[in-house]
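Following: one structure in structure tokens, then a few remarks.
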Amino acid sequence: VGVGTLILLPCMVWAIAGHSELTTPARIALFVGAGLWFGQVSNPVAHELIHRGDRRLFRLGVAVYTALLYGHHASAHRLVHHRHAASPADPNSARAGEGFYHFAMRAWTGSFARGLAAENDLRARGRRGLHPYAVYIGGGVAALIMGALIAGLPGALVWLGLGTHATMQLLLSDYVQHYGLTRATLPDG
């Protein structure tokens, strides 16, 4: 499914925004259906892959998230969410009374910033190699360029739309699963 996502995503961009000769209603239906598939199938698969010890499988999960323009989730989920779930330090835990759209904006930007800080901390402690955020940002830009090469500006916009559609489903899942949960803070922190 991971490799399938990387093949299917540009194909869907071409079919929706390119010269596929689909009718407008068919393009809209395909956008909705493909976005649901990426959100409900590709996201969970990428989640499982980023938890694998095999570096090839981990990198495939990163590639899927990056292609969906949510690459930083590979760092933020493992380094921030797992450690701080249901606490104020986790941007992906919805606060009681917080609406979904407010949460989604806070979660996306917060997880980007907190994941970056966690990766920078690992670098300060000696981790070497290409910074993951260079991969996430560079890969996201490359994906949008690929969308533009496939179908011009509409192709880049459809790629962005499909990534947003899929990411909103992941954020909705986080919202529902963690809404209002608060960890008790013990004396040792």
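The values are calculated or read from the model by the stated rules, or taken from the named source; none is laboratory data. Remember, it's a predicted structure, so these values are computed and weren't measured experimentally. Note that each Cβ is placed from the backbone with ideal geometry, even for glycine, and that neighbours are counted across all protein chains shown. Calculation scope for accessible area: heavy atoms of the full protein, side chains included, ligands and nucleic acids excluded. Shrake-Rupley method; radii C 1.70, N 1.55, O 1.52, S 1.80 Å.
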Revision key, fill the gap. Only one of (1) open to solvent by 50 Å² or more (accessible area, probe 1.4 Å); (2) more than 19 Å from Gly61 (Cβ to Cβ); (3) not hydrophobic (A, V, I, L, M, F, W, C) does not apply to Ser87, and that is (1)
Check your understanding: If you go through region 126-136 one residue at a time, how many are modelled with pLDDT under 95 and either surrounded by 10 or more Cβ atoms within 10 Å (Cβ to Cβ) or over 23 Å from the mean Cα position of the chain (by Cα) (or both)?
Key -> 3
Review point. If you take the residues in region 137-150 that are touching a residue at least 60 places away in the same chain (Cβ under 8 Å) and open to solvent by 20 Å² or more (accessible area, probe 1.4 Å), which one is farthest from His19 (Cα to Cα)?
Key: Ile137
